[in-house]
Amino acid sequence: MSLYDISNTALIAALFTYIASFVAFAIAITGRGFGGAGGGEASAAARARRAFGIAVLGLALHLVYFILRWIANRHIPVSNLFEFMTFLSLMIVVAFIIIYTIYRKPLLGAFATPVAFVILAYAMVFPWEAQPLIPSLNSVWLYIHVTTAAAGEAFFAVAFASGLMYLLRVVDYKAAGKRERRQRFGIEFTLFAVLILVGFIVAAFTFRGLGYEATFAGQETIDGELTDVTVTYAMPPIAAPHGYELVGMDPFLGSTQPLGTAPDWMNGVNAGRKFNTTIWSVLFGAFLYGALRLACRRPLGAVIQPRLSGIDPEDLDEITYRAIAIGFPIFTLGALIFAMIWAHIAWNRFWGWDPKEVWALVTWLFYSVYLHLRLGRGWHGRRSAWLAVVGFVVVLFTLIGVNLIIAGLHSYAGV
């Protein structure tokens, strides 16, 4: 068995261990084990310790994957989207463990561990094959820039979890006022957006398991020359790429033709494929959200809220702020300062308005505004929590949306 095989096995084990940790944290905060009611505060504390221990075990397995892949690659495994997102998931768990060690709030584990394993499952959708470093990535700054940027983003992820917990704790799901209705809608939309990401994962693995393929052919201008291009969809083509012809398509629900075509402004086969993937992600996410709503027969936030009644909202507000306060200077170093130094070494300029550079700056400005409003204007509570939630959405777009939607110098990697 090769080092890659062992590392991949460890990564899969880490994923299921994180899921087990989430379940254990959920049991710890509900006060009920699999056999019935728990035995008071001492028993709850013991359950929380077990849940935390499982999370640490998951981190240890994740580190086994990381170290073995590093040895096999002969460079740090953060050079493509699969490797970077697995590393981000690892750093989210590290950030969670640091924050948990300070505040000892088991409920944080029930929200932070899902963020980690969803990000890890998302990474697993992409090709696992190791790739040699392209020349511009073969630098010590790969280690410095990427790891510190991911560390800062990991603390933002923990702030997202605690901010969402705060909103679920304080928003009144029974009040009829306009303000509360807007707050409830915002929470439900946030949960729906999370389920869209989960929907992408489910859709990708479902159709991959079915071995689905649809192939299109066309021509694109590459390096100034008109080139024949063939692309294979791994999901049924609801939207075929604009300007491409269908070569072959596995039947789906009896259909052997795409339902439509990507808009003409989405030029290029990759744009069409991403548009198709987005549609399937939204459909699967909507199905998951609808199924959960139907099963619960009430808004998802209203289902979660009673589980948070025993926690102090001010603690959640403080955790959200502390996580961002820790993550912000680390992100500043990694995503801006170290990135500009490396850009000057690799491309002879500190700044070039590449899409990833622009969105890294947008992310930094957003969290700068958060800290200004928090410290200078006294924004606490709901406003602070909403900024933490929206901020992580900006982070995810910077990490995922820019890589998959906007072409740029960083399109080859997850950094």
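Which residue, G163, G243, G391, tops the fluctuation ranking in a GNM of the chain built on C-alpha contacts under 10 Å?
Of G163, G243, G391, the most mobile in the Gaussian network model is G243.
Which aspartates and glutamates have a Cα less than 16 Å from the Cα of K274, not counting those fewer than 8 places away in the same chain?
Correct list for K274: E213, D264.
Which value, in debye to the nearest 20, gives the size of the charge dipole of the chain about its Cα centre, when Lys and Arg are +1 and Asp and Glu are -1 at the Cβ? Write out the running numbers ahead of the final one.
Working: 29 positive and 23 negative charges, 398 e Å.
For the chain, the charge dipole is close to 1920 debye.
Let me understand the stretch 346-387 better: what is its radius of gyration from the alpha carbons, and its Dmax, in angstrom?
Cα radius of gyration and Dmax of the stretch 346-387 are 14.5, 44 Å respectively.
Roughly speaking, what is the stretch gain from A325 to F16, that is 0.36 nm per residue apart minus the C-alpha to C-alpha distance, in nm to one decimal?
On the way: separation 309, 0.36 × 309 = 111.24 nm, distance 3.06 nm.
That pair, A325 and F16, stretches by 108.2 nm at full extension.
Considering only protein heavy atoms and a 1.4 Å probe, what is the carbon-and-sulfur percentage of the accessible area of the chain?
Values: 12580 of 19300 Å².
So the carbon and sulfur contribution to the accessible surface is 65 percent.
DSSP H helices in the chain with Cα extent of 24 Å or more along the helix axis and mean Kyte-Doolittle hydropathy at least -0.5? Intermediate results must be reported in sequence, preceding the final value.
Working: long enough: 3-30 (40 Å, 1.64); 40-73 (49 Å, 0.89); 81-103 (32 Å, 2.21); 106-124 (27 Å, 1.85); 140-170 (46 Å, 1.35); 178-210 (46 Å, 0.73); 269-296 (40 Å, 0.74); 313-331 (27 Å, 0.36); 355-376 (30 Å, 0.60).
Sorted by number, the helices that extend far enough and score high enough are 3-30, 40-73, 81-103, 106-124, 140-170, 178-210, 269-296, 313-331, 355-376.
Among I71, I196, I187, which one shows the biggest mean-square fluctuation in a GNM of the chain, springs joining Cα atoms closer than 10 Å?
In this elastic network of the chain, the residue with the biggest mean-square fluctuation among I71, I196, I187 is I71.
Average projected area of the Cα convex hull of the chain, in nm²? Let's see the in-between values first.
Working: hull surface 92.8 nm².
Taking a quarter of the hull surface, the average projection is 23.2 nm².
R0 = 22 Å: FRET efficiency of I144 with H380, Cβ-based, nearest 0.05?
On the way: r = 35 Å, r/R0 = 1.58.
Efficiency, from the Cβ-Cβ distance: 0.05.
Just to be sure I understand: with springs between alpha-carbon atoms less than 10 Å apart, which residue in M249, M85, M340 has the highest mean-square fluctuation in the Gaussian network model of the chain?
Between M249, M85, M340, it is M249 that shows the largest mean-square fluctuation.
How long is the gain from L259 to F287 if the chain were fully straight, where each residue apart is worth 0.36 nm and the alpha carbon distance is subtracted? Walk me through the intermediate numbers first.
On the way: separation 28, 0.36 × 28 = 10.08 nm, distance 1.95 nm.
Length difference between fully extended and current span is 8.1 nm.
Below 15 Å, Cα to Cα, which aspartates and glutamates can K174 reach? Residues fewer than 8 away in the same chain don't count.
Straight-distance partners of K174: E188.
The values are calculated or read from the model by the stated rules, or taken from the named source; none is laboratory data. Model, not experiment: these values are computed from the prediction. Reconstructed Cβ throughout: ideal geometry from the backbone, glycine too, with neighbour counts over all protein chains shown. For accessibility, only protein heavy atoms count, side chains too; no ligands or nucleic acids. Shrake-Rupley method; radii C 1.70, N 1.55, O 1.52, S 1.80 Å.
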